Structure formats: structure tokens, C-alpha cells
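Inspection log for the structure reproduced underneath, given as C-alpha cells.
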Amino acid sequence: MTDTPARKSLGRNTLVMAAGTGTSRVLGLVRNALLVAAIGVNAFAANAYDIANRLPNVMFAVLAAGVLNAVLVPQMVKAFQRPDGKRTVDRIVTIGGVLAFGVTVVATLTAQVWVLLYTDNWPPEMVALATAFSFWCIPQLFFYCLYTLLGEVLNSREQFGAFMWAPVLNNVVAIVGLIAYIAIFGQYVQAPSDAADLASLSEWTPGRIALLAGFATLGIAAQALILIIPLIKGGYRWKWQWRGPKGELAVVGTIAKWSLGAVLVEQVAVTLVTRVAASAGTEGGAAVAGNAAYFQALSLYLVPHSLITVSLVTAMYTAMARHAVNGDIPALRAGTSRGLRVTGVFTIFATVAMIVLAPLITRVALPSASAPVVSSVSQVMIAMLLGLVPLGATVLIKRLYFAFEDAKSIFYMHIPMGVVWVITAYAFKEFTGAQWWTVGVGLGMALSNWTGVLLRAGGLRKRLGGGGGRAVLRTHVRALIAALVAGGAGWLVLRVNPDAHAGTGWGAIIVAGILVVVAGTVMFIVYAAMLRILRVDEFDQALAPIKRKLGRK
């Protein structure tokens, strides 16, 4: 077996992954802007497509994110430390690939059942269109799983870059498809009434459906298959391996059982809150955010999380899994404290800055959207942003539980998280107007994140014999003070043109973009200065790899 590549620094690995994720996110914003230009946001066709494109992601969360992604890295790290470990890895990839293919076939054949599950009182025309989209979109599930399987092999060998850069290809393919769609069928035009919008669904021919949804699936396929190249170059060549020694994957099965249960609990909540957002989408009107608006808000909300938290945690996790395997608790404790402090410094600033800039960011990201649509999406995003800090922390803590091979605790923690999310969403549906229902879904997610991090942190502290809680809290409080001062400075800058987000046309978009850059720069400078005054060293530590790279250049 080829040796695992030489270990690189956390900062360098994080920088490489953040660069790939950042490029992918920028292209993702371009893709989403084109999607809105093609089919709108608060429109019946947009909501139908969103449900169809959501299904493979939901199924992937159950099949892969909850089982493969959480379980594979520790087991692959163990395997690659043994002389015969490649056979074990080959077996995991084989079984995982076959399972993913079988589930994908069954899910595709039952597409309409899934559409009905995630919608509420939709007219037959919308159900039919969403089902047609689903036949093209659900096959993405197999390629999502393949991407995860191959990517985790790369991660366990500390070849991080390709896994984070592969989505760039996905976005490029999707952008090409959307440009072709707009060139052939033209841009979306807001219907004068709900009846006219519903009637327009009859214009969706099989060819039009295939072009829009087919290119989306082609992009996911390209994202997965491109990983074969770095695997081969790195010395790993997969071989079919279905059987192995008895009990070889027993631990994988035990962990997978509980992690699958945890994700199923989470997805029950996702199903219920999606029905709330989907029902809001049928109320009509550009000002009422539905499930498609929720997706657009979620895409913007996840940008800082993907750039910083996911890259950092992915780079840290292989080493943490190794520490867990070797029983090095002090190293795990130190790494956990550092990770929570560094991610907190960035997520706290991102929360405040994005709340201040939310309407302008939405205007720039969705240039073809009307002012009511921009307002509806930004309101949902602001609600979500209240849970950005605990989201970053909970991702790291959850991975550590899996490093300890303890998925059972995660399962029990997901139950109150799901309950909080569902209760919040349905409370908004019961006691507020339709324009606030999807905002309630976003706020429920934020409260669920806080519930999860509090429960998980308490359990992890017991395992680690302490988690540096005082140092983490001290850093977070100081960062929050700095972020609030910076947010105030950004708000003052925006007083130059407080209604810039409400404008339409490229002139208004350019003005909004300039304000985002200027106010964002001012906030970043003020934040950095305040962190230095308050002696928060984690900011400089996180920026050290970038400073060294710029210094060399």
C-alpha cells in the first residue's frame, strides 16, 4: 500500500480548502443568480424545482452525511495505519457504492411519494412538475455518495485540496446549463397573478425540464468523478472488495446505526418545517417567502460557515481522529479549545456583519429579483444568522463524538434539537401571517443549533476532562464586543443610502455592491483593531498562513 502523504500544517490545509470552497461559493452565487433569472424565487415553478432538487440532498444527509461522512474517516485512518488496510478501505468503498446505487434507484422510482411527503396542499400542477423535476434530480444521490466515499479516502490520506475544489467543476457545469436554458427559453417574468403563475406551469415541456434539471445532475456527477484523478495520482487504486474477515466492519455498523438514527430524527424535523415553508409558497405574492426563498437564504447563510468552519474542521478532524485512536486526550482537549476559539472569532464577526448587510447582500446575489423578493429572502437569512455561531461549534463537537465512536449520544441530542425547530416553525404558522412562516423556519433552525451546541458541549466536557470552557467563553465575549462595535460602524456607513437594496436595475445593483464592499471593509478593519485592543490572539493565528503566503510573494 502506498504510504499516506506527508502531513501538512493545519493552517496550510485550511487555507487550501478555504480557497477551493471560496471559489466554489462564488461560482455558486453566480449559479443561484442565474437560477433566479431563469425561474424566479417566490414563484410556483421555482418552488416545485426547489423541492425536487432538495430531495437528493435530504436523502444524502440520511445515507451519507449521517453514516458515511461521520464514520469513515476514523475507520479509514485506522485502516491506513495497518499493512493490509487498503483492503478494508476498498471494502468500505465497494459496500458504500453498491448501497448508494440501490437506494438511488428505489428513490427515483418512487419520486412522487417523496414530493407529496415534502409538500402541503399543493395544486396538482405543482406536484406534477415537481415530480418531473425529481426524476432528473434524485439520481444526484448516487454521485453525492460517491463524492463522499472518494473524498473521505482522500481526507484520510490528508489529500484535502481536491475534495474542496471538486464542487467548482459542479458549479461550472450548472452555470453552462443555466446559460443555455436562459438563451433558449428566456428569463423569468413575474406573473401578474397567482392564477397566471399556476397556468404558466403548462409551458414546462419535457425538454425544458431535462435541460434545467439534467445539467444540475450532470454537475454533481462531474464533481464526484473528477476525484478519481487525485486518488490515482496519490497512489490509491480502488479494487472491488465485497467480503472481508468476520467482524472487520462491526464498529462501522454500530456507529452507523446510531448516526443514521440521529440523522433520521433530524430529517423528520426537516420534512415538517419544509412543509411549513412550502405551504407559505402557495399563498402567492412576491413578498411571501416559500421553500425556494428559504433555499436562497440558506445558500447565503452558509457561505461563511463553508469558507471557515468546514475547512478548519475538515483539516483538524483527521488529526483528532488519530489522537482519539491513540488515546491522546490532552491533545484532543487542546485542539478542541483552539478550534472553538478560532471558528468563533470568524463566525461572530460574520453573524453581525451579514445581519447589517443582509438586504444589500441579497440584492447583489439575486440581481434579477424584485424588491419584495429581496426583502423576503433577507428576512429569512437574518433569522438563520442568529444560529451561525453555534452551527460552527456544533460541527466540530459532533465530529469529536464520532472520533470517540459514540454516535448514541448524538442520536439522543438530536431529539430536543428537532423538537425545538418544529415547535418554532409551527408556532409561527399558527400565530402569524404567511409572510412570516418561512422566517419562523429560519429562526427555529437557529434555536435548534443553540440547543445542540449546549447539549453536545456538556457531554464532551465530561469525556475530555474539561474543554477549556473559560478560555472559549472569554474569547467569544471579547469577539462579540468587537463585532458589535464593527457592526455599528458598518451601519453608519450604510446611512449614506439606507434604501439601496430596494432599487432595481444594474445601477442599483452596482450601488449595493459598492456599499457591501465599503461597509464590509470598514467593519473588518474596525473588528481587527478591536480584537487587537482586546488582546484576542486567535484572529492573528488564523490569519498567519495567509500573512506568510503574502509575505513570500
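Couple of notes before you dig in:
- Candidate set: segment 17-43, residues that are closer than 26 Å to THR108 by Cα and modelled with pLDDT of 90 or more; chosen: the one surrounded by the fewest Cβ atoms within 10 Å (Cβ to Cβ): ASN32
Here's the yes/no breakdown for (1) of a type in the set (A, V, I, L, M, F, W, C); (2) touching a Lys or Arg at 6+ places or on another chain (Cβ under 6 Å); (3) on the phi > 0 side of the Ramachandran plot:
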position: GLY327; (1), (2), (3): no, no, yes
position: THR343; (1), (2), (3): no, no, no
position: THR347; (1), (2), (3): no, no, no
position: PRO359; (1), (2), (3): no, no, no
position: ALA371; (1), (2), (3): yes, no, no
position: VAL389; (1), (2), (3): yes, no, no
position: VAL395; (1), (2), (3): yes, no, no
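- Flag: PRO56 matches the condition of being crowded, with 24+ Cβ neighbours inside 10 Å, farther than 30 Å from ALA371 by Cα and modelled with pLDDT of 90 or more.
- Residue in segment 296-310 that is farthest from ALA358 (Cα to Cα), counting only those that are modelled with pLDDT of 90 or more and buried (at least 19 other Cβ atoms within 10 Å of the Cβ): GLN296
- ARG463 being part of a helix (DSSP H, G or I), farther than 23 Å from TYR301 by Cβ and either touching a residue at least 40 places away in the same chain (Cβ under 8 Å) or not aliphatic (A, V, I, L, M) (or both): yes
- Segment 439-488: number of residues that are among the charged types (D, E, K, R) and farther than 17 Å from SER409 by Cβ: 3
- Single residue of segment 123-136 satisfying the filter (under 24 Å from the mean Cα position of the chain (by Cα) and over 16 Å from ALA278 (Cβ atoms)) that is surrounded by the most Cβ atoms within 10 Å (Cβ to Cβ): TRP136
- In segment 94-122, the residue that is surrounded by the fewest Cβ atoms within 10 Å (Cβ to Cβ) out of those that are closer than 12 Å to LEU55 by Cα and in contact (Cβ under 8 Å) with a residue 60 or more places away in the chain is LEU117.
- Note on segment 488-526: residues that are assigned to a helix (DSSP H, G or I), modelled with pLDDT under 85 and surrounded by 12 or more Cβ atoms within 10 Å (Cβ to Cβ) amount to 4.
- Hits in segment 239-270 (condition: in contact with a Phe, Trp or Tyr (Cβ under 6 Å, 6 or more places away or on another chain) and modelled with pLDDT of 80 or more): ALA269
- Which listed residue, of THR475, THR438, THR451, is part of a helix (DSSP H, G or I), touching a helix residue (DSSP H, G or I) at 6+ places or on another chain (Cβ under 8 Å) and free of Cβ contacts under 8 Å to residues at least 40 places away in the same chain: THR451
- Flag if LEU149 is closer than 22 Å to ASN57 by Cβ and buried (at least 20 other Cβ atoms within 10 Å of the Cβ): yes
- Residue that is surrounded by the most Cβ atoms within 10 Å (Cβ to Cβ), among those in segment 204-218 that are out of contact with any Phe, Trp or Tyr (no Cβ under 9 Å at 6 or more places or on another chain) and part of a helix (DSSP H, G or I): LEU218
- Residue within segment 527-545 that is crowded, with 17+ Cβ neighbours inside 10 Å, within 17 Å of ALA358 (Cβ to Cβ) and at pLDDT 90 or above present: no
The values are calculated or read from the model by the stated rules, or taken from the named source; none is laboratory data. Bear in mind the structure is a predicted one, so any value in this text is a computation, not a measurement. Neighbour counts are summed over all protein chains in view; Cβ atoms, including those assigned to glycine, are modelled from backbone coordinates with ideal geometry.
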